[in-house]
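Right, one structure below, let's go through it.
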Amino acid sequence: MYPGAGHAFNRDVDARYFHPASAALARKRTLAFLDAALRGPEAP
């Protein structure tokens, strides 16, 4: 899912683990999921 990223890739307080590209992609995917899930069914 996130090539080049380890387990704690979103841990921005530790440069040993933080992987900015993967963190940005994960945020984008998470927000898109929440947007779709919380919006509910669209009106016809």
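Just so you know, all these numbers are worked out from the coordinates, no wet-lab data involved. These numbers come from a predicted model, not from an experiment. Note that each Cβ is placed from the backbone with ideal geometry, even for glycine, and that neighbours are counted across all protein chains shown.
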Total charge dipole magnitude, the chain, about the Cα centre, Cβ charges on Lys, Arg, Asp, Glu only, Debye to nearest 20: 80
Mean separation of Cα contacts under 8 Å (6+ apart) over length of the chain, as relative contact order %: 26
